[in-house]
Amino acid sequence: MRSDAAPVHPVAIVGGGFSGVMTAVHLAAKGVPVALIDGTGRLGRGVAYSTREPVHLLNVVTAKMSAWPDKPDHFSQWCADDGLSFAERRAFGRYLGDQLAQADGVTPIEAMAVAAKRVGDGWLVTLSDGQQMEASALVLAQGNQPPTPFPGSAGLPEQLFINNPWSEAAHAAVERVAEEGSDVLILGTGLTMVDTVLSLAAAGHEGRITALSRRGLIPRPHVHPPRPPVPVSLDEVPHGNVIALWRWLRRRSAEVGFQAAVDALRPHTHAIWQQLGEREQRRFMRHARPWWDVHRHRIAPQVAEQLKDMIAAGQLEIVAGRVRRLEADSDQLRVAIARRDGREALREVGVAFNCTGPLGDLRRTADPLLRGLLEDGSVRTDAFAMGLDVDSRSRAGNGVWALGPLTKGRYWEIVAVPDIRHQAQAVAADIHEELVTHV
Ligand SMILES: Cc1cc2nc3c(=O)[nH]c(=O)nc-3n(C[C@H](O)[C@H](O)[C@H](O)COP(=O)(O)OP(=O)(O)OC[C@H]3O[C@@H](n4cnc5c(N)ncnc54)[C@H](O)[C@@H]3O)c2cc1C
């Protein structure tokens with residue numbers, strides 16, 4: 001079944017964030033025309049870099065944020081800085097947009113991809129506006145999936161409980177509570193919590209903010225200026241056993257500081273993750289992940305200072321515990337918190353934000369394209385259902401590639417620019433080779 005009216009693009013890339021843009025740019029440089037599909041108004045920037053707020057900074061210095069693996073200074077030169085600053089994320093969005101604008105042969109398509117069916121050797125992709133297109137190769141660069149509804153939040157008024165902290169509704173809620181001065185609850189204490197606190201502060205919010213997570217761990221700051229790296233070879237790192245790895249990391253942290261110890265693992269994280277095997281990977285996720293996340297995904301020193309000041313002033317409280325009950329009471333939300341220390345705490349807040357992170361189980365995705373591809377067996381989830389099962393070339397199935405956070409199961413550390421830029425280059429090279437071989 002061919003649709004003769006459907007335009008043909010050699011490659012259809014779904015998702016216009018960093019992963020999709022850089023794959024498109026690499027393909028265009030090889031002379032392969034691409035359709036880049038994103039219907040969320042974020043085409044060319046994606047979720048992380050479409051923020052409009054100057055207070056949202058990169059959590060990596062500019063020297064490490066080049067979009068190009070073989071031009072490490074590209075972004076710091078673009079910013080005209082010494083490479084040591086933490087630039088605004090919206091500036092990185094402009095930089096990414098520049099890379100796209102300079103590429104020849106990328107057709108941006110402002111629509112959602114809602115289905116893709118295998119037709120002959122290629123794909124028939126259906127868009128949310130009803131249009132269809134044919135493509136020889138399909139690339140899934142859809143980033144993280146939005147969070148599922150927080151347990152116990154069903155039925156709460158939408159203006160009181162914000163389930164997606166990246167939505168316009170979240171932005172409106174920040175403005176509203178800043179004006180009202182009401183208290184706020186943030187569920188989760190990671191990087192998304194940090195963003196939300198910064199947005200509230202920038203909007204002039206003066207109420208009290210309670211940020212809650214099971215352990216109450218918050219991201220650690222980068223040291224500034226950064227300490228010199230203390231590299232290790234992969235052979236020096238214990239492999240295949242989380243406890244041995246952990247002991248090694250603690251010893252090493254005591255010797256060189258945790259920043260240097262964690263950063264030294266960076267070139268080896270894919271190999272270390274794969275050597276662990278599924279059983280040890282599960283152990284890591286259960287026991288070590290919270291520690292790893294806050295030490296590995298750090299924040300700019302000035303952001304850490306601001307949080308420290310807010311905590312000292314009593315405006316921000318970080319609580320270890322869990323939600324026992326959530327109830328709406330006219331224009332307030334009443335929250336009962338079971339603290340980790342056994343005490344119960346009650347809060348009345350003007351809004352709660354779910355900052356517990358993206359959807360953890362891809363089988364529960366609401367995205368119609370992914371659902372369809374999973375249901376007809378074109379792709380399958382990885383062993384943890386964190387993302388898609390891909391091979392060493394990031395192929396998720398016949399004629400379909402995936403990259404970025406969708407490939408966490410295979411690579412674990414594949415959520416930030418310094419990792420994804422290599423993957424985007426490799427995926428583009430693999431698709432090019434595949435297309436050339438089959439012409
Ligand atoms: C808030 C935040 C801050 C970060 N800060 C940094 C940082 O400082 N440094 C760093 O290295 N990394 C950072 N990261 C991590 C990293 O850079 C991003 O996660 C990375 O850019 C992922 O890009 P992506 O293109 O895979 O996903 P995304 O940026 O999420 O882009 C995916 C796009 O696909 C679209 N899409 C999804 N489904 C469909 C569909 N069916 N049809 C059409 N479009 C679809 C989405 O709407 C989205 O626009 C940050 C991440 C976040 C969330």
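Quick notes on this one:
- Positions within the stretch 203-217 being loosely packed, with under 15 Cβ neighbours inside 10 Å and either within 13 Å of Ala260 (Cβ to Cβ) or aliphatic (A, V, I, L, M) (or both), in sequence order: none
- Of the residues Arg220, Arg250, Arg227, the single one that is of a type in the set (Lys, Arg), buried (at least 16 other Cβ atoms within 10 Å of the Cβ) and either on the phi > 0 side of the Ramachandran plot or modelled with pLDDT under 95 (or both) is Arg220.
- Qualifying residue in the stretch 285-305 (condition: without any contact (Cβ under 8 Å) to a residue 24 or more places away in the chain, surrounded by 14 or more Cβ atoms within 10 Å (Cβ to Cβ) and under 25 Å from Pro54 (Cβ atoms)): no
- Complete set of residues in the stretch 122-150 that are part of a strand (DSSP E or B) and in contact with a helix residue (DSSP H, G or I) (Cβ under 8 Å, 6 or more places away or on another chain): Ser136, Ala137, Val139, Leu140
- Residue within the stretch 373-390 that is touching a helix residue (DSSP H, G or I) at 6+ places or on another chain (Cβ under 9 Å), farther than 30 Å from Arg283 by Cβ and among the polar types (S, T, N, Q) present: yes
- Hey, Trp166 closer than 21 Å to Asn59 by Cβ, within 16 Å of the ligand (Cβ to nearest atom) and in contact (Cβ under 8 Å) with a residue 24 or more places away in the chain or not: yes
- Within the set Asp361, Asp329, the sole residue that is within 25 Å of Val415 (Cβ to Cβ) and more than 16 Å from the ligand (Cβ to nearest atom) turns out to be Asp361.
To keep it simple, each residue is scored yes or no on (1) within 12 Å of the ligand (Cβ to nearest atom); (2) surrounded by fewer than 17 Cβ atoms within 10 Å (Cβ to Cβ); (3) assigned to a strand (DSSP E or B).
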position: Arg322; (1), (2), (3): no, yes, yes
position: Ala338; (1), (2), (3): no, yes, yes
position: Asp341; (1), (2), (3): no, yes, no
position: Ala366; (1), (2), (3): yes, yes, no
position: Leu374; (1), (2), (3): no, no, no
position: Val379; (1), (2), (3): no, no, no
position: Pro405; (1), (2), (3): yes, no, no
position: Gly409; (1), (2), (3): no, no, no
position: Gln423; (1), (2), (3): yes, no, no
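- When the stretch 136-150 is limited to residues that are buried (at least 21 other Cβ atoms within 10 Å of the Cβ) and of a type in the set (Gly, Ala, Ser), the one that is nearest to the ligand (Cβ to nearest atom) turns out to be Gly143.
- Checking each residue in the stretch 411-421 for being under 11 Å from the mean Cα position of the chain (by Cα) and surrounded by fewer than 21 Cβ atoms within 10 Å (Cβ to Cβ) picks out Glu413, Val415, Ala416.
- Within the stretch 39-53, residues that are closer than 15 Å to Leu191 by Cβ and touching a residue at least 60 places away in the same chain (Cβ under 8 Å) sit with their Cβ atoms under 6 Å from residues that are more than 7 Å from the ligand (Cβ to nearest atom) and among the charged types (D, E, K, R), at 6+ positions apart or across chains, in these pairs: Thr51/Arg90.
- Qualifying residue in the stretch 112-135 (condition: in the same structural domain as Arg364 (by TED's automatic domain parsing), more than 24 Å from Glu53 (Cβ to Cβ), more than 16 Å from the ligand (Cβ to nearest atom) and in contact with a Leu (Cβ under 7 Å, 6 or more places away or on another chain)): yes
- A single entry from Ala385, Ala352, Ala396 fulfils the requirement of being buried (at least 18 other Cβ atoms within 10 Å of the Cβ) and in a loop (DSSP other than H, G, I, E, B): Ala385.
Here is a yes/no grid of residues against (1) within 16 Å of Leu333 (Cβ to Cβ); (2) without any contact (Cβ under 8 Å) to a residue 40 or more places away in the chain; (3) assigned to a strand (DSSP E or B); (4) aliphatic (A, V, I, L, M):
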{"site": "His171", "(1), (2), (3), (4)": "no, yes, no, no"}
{"site": "Glu175", "(1), (2), (3), (4)": "no, yes, no, no"}
{"site": "Ala178", "(1), (2), (3), (4)": "no, yes, no, yes"}
{"site": "Met193", "(1), (2), (3), (4)": "no, no, no, yes"}
{"site": "Val197", "(1), (2), (3), (4)": "no, no, no, yes"}
{"site": "Glu206", "(1), (2), (3), (4)": "no, no, no, no"}
{"site": "Thr210", "(1), (2), (3), (4)": "yes, no, yes, no"}
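- Ser153 being of a type in the set (S, T, N, Q), in a helix (DSSP H, G or I) and either modelled with pLDDT under 95 or not assigned by TED's automatic domain parsing to the domain that holds Arg322 (or both): no
- Residue check, Ile218 β-branched (Val, Ile, Thr), part of a strand (DSSP E or B) and in contact with a helix residue (DSSP H, G or I) (Cβ under 9 Å, 6 or more places away or on another chain): no
The values are calculated or read from the model by the stated rules, or taken from the named source; none is laboratory data. Keep in mind that this is a model prediction, so the values were computed, not measured. Every residue, glycine among them, receives a Cβ derived from its backbone with ideal geometry; neighbour counts consider all protein chains shown.
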